[in-house]
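The values are calculated or read from the model by the stated rules, or taken from the named source; none is laboratory data. Everything quoted here is computed from the prediction, not taken from an experiment. Here Cβ is always computed from backbone atoms with ideal geometry, including for glycine, and neighbour counts include all displayed protein chains.
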Amino acid sequence: DAKTTQPPSMDCAEGRAANLPCNHSTISGNEYVYWYRQIHSQGPQYIIHGLKNNETNEMASLIITEDRKSSTLILPHATLRDTAVYYCIVRVVMDSSYKLIFGSGTRLLVRP
Amino acid sequence: EPEVTQTPSHQVTQMGQEVILRCVPISNHLYFYWYRQILGQKVEFLVSFYNNEISEKSEIFDDQFSVERPDGSNFTLKIRSTKLEDSAMYFCASRRAGGDTQYFGPGTRLTVL
């Protein structure tokens, strides 16, 4: 089973920041938090990942709480093309295959 | 930017027939994966593959499934005798050695009639 909890749906206005929360209260000290998204039925698209520190790339920012029990994905200026299902995934470190266990994700709707 | 590619984009087959789904991973990647997504359901891990052997497989990946890297560029998933419940999107992913991130292809929609 997925080790994360996400709200099933959210919406935000185009041009505003989208803040997607994720709870991972049972995360272990060396497990990474990954974010992917899936637009319609396309292949999951990697967004960002992190361990302890906040991370930023050209797509998004990832804020991880100090206790690492939750995180927030921030899309700073959401566009209509950001409408997708967003998955927060904790990657199990002891799993040498690095498989990803997807949950149900958050369906983000960006409104015009 | 290099991408994972998959062919065909859509495959229709009759129940009981064999299908082969093809993937071309990113060229310097060494770890390969198959996932599937039944319509309206979660993305599910099927199998991981490294150094010409399966490193892990899920309960879904039974004897009807097999994977192969027949040459230096392709990675295939074979379903020997398809069932109606095999209808799904099948995604290939790859990861480079020492890398943390899997990159997914666009998927093959398999429809079993």
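Would you tally the residues in region A:34-46 being more than 10 Å from chain B (Cβ to nearest Cβ) and on the phi < 0 side of the Ramachandran plot?
Total meeting the criteria: 3.
What are the pairs, 6+ residues apart or on separate chains, where a residue within region B:84-113 that is facing chain A (nearest Cβ under 9 Å) and under 23 Å from residue B:26 (Cβ atoms) has its Cβ under 6 Å from a residue that is assigned to a strand (DSSP E or B) and aliphatic (A, V, I, L, M)?
Note: pairs meeting the criteria are B:102/B:93; B:104/B:93; B:107/B:89; B:109/B:89.
So is residue A:50 within 12 Å of another protein chain (Cβ to nearest Cβ) and under 30 Å from residue B:54 (Cα atoms) or not?
yes
Looking only at strands (runs of 3 or more DSSP E) that lie completely in region A:1-54, which have at least 1 residues being out of contact with any His (no Cβ under 7 Å at 6 or more places or on another chain) and charged (D, E, K, R)?
So the answer is A:9-13, A:32-38.
Residue-by-condition table, conditions (1) without any contact (Cβ under 8 Å) to a residue 40 or more places away in the chain; (2) surrounded by 16 or more Cβ atoms within 10 Å (Cβ to Cβ); (3) aromatic (Phe, Trp, Tyr):
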residue: A:38; (1), (2), (3): no, yes, no
residue: A:54; (1), (2), (3): yes, no, no
residue: A:64; (1), (2), (3): yes, yes, no
residue: A:79; (1), (2), (3): no, no, no
residue: A:84; (1), (2), (3): no, yes, no
residue: A:101; (1), (2), (3): no, yes, no
residue: A:106; (1), (2), (3): no, yes, no
residue: A:110; (1), (2), (3): no, yes, no
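Here are some conditions: (1) free of Cβ contacts under 8 Å to residues at least 40 places away in the same chain; (2) surrounded by fewer than 15 Cβ atoms within 10 Å (Cβ to Cβ). Residue B:49 meets all but one. Which one does it not meet?
Only one criterion is unmet by residue B:49, namely (2).
Considering A:73, A:108, A:62, which residue is more than 11 Å from every other protein chain (Cβ to nearest Cβ) and in contact with a helix residue (DSSP H, G or I) (Cβ under 8 Å, 6 or more places away or on another chain)?
Sole residue among the options that is more than 11 Å from every other protein chain (Cβ to nearest Cβ) and in contact with a helix residue (DSSP H, G or I) (Cβ under 8 Å, 6 or more places away or on another chain): A:108.
Scan region A:2-36 for residues that are crowded, with 16+ Cβ neighbours inside 10 Å, out of contact with any helix residue (DSSP H, G or I) (no Cβ under 7 Å at 6 or more places or on another chain) and within 19 Å of residue A:77 (Cβ to Cβ) and jot them down.
Selection gives A:10, A:12, A:20, A:35.
Across region B:84-101, what is the total count of residues that are of a type outside the set (Asp, Glu), out of contact with any Gly (no Cβ under 8 Å at 6 or more places or on another chain) and at pLDDT 95 or above?
The qualifying residues number 4.
Would you check which residues across region B:34-45 are within 9 Å of another protein chain (Cβ to nearest Cβ) and touching a residue at least 12 places away in the same chain (Cβ under 8 Å) and list them?
Passing the criteria: B:35, B:37, B:39, B:43, B:44, B:45.
I'd like the residue in region B:1-33 that is touching a residue at least 24 places away in the same chain (Cβ under 8 Å) and among the acidic types (Asp, Glu) and, out of all such residues, is farthest from residue B:79 (Cα to Cα).
B:3
Which one is modelled with the lowest pLDDT among residues in region A:83-105 that are within 12 Å of another protein chain (Cβ to nearest Cβ) and part of a strand (DSSP E or B)?
If we take residues in region A:83-105 being within 12 Å of another protein chain (Cβ to nearest Cβ) and part of a strand (DSSP E or B), then A:91 is modelled with the lowest pLDDT.
Within the group B:66, B:81, which residue is more than 9 Å from chain A (Cβ to nearest Cβ), farther than 22 Å from residue A:97 by Cα and either not aliphatic (A, V, I, L, M) or not in a strand (DSSP E or B) (or both)?
B:81
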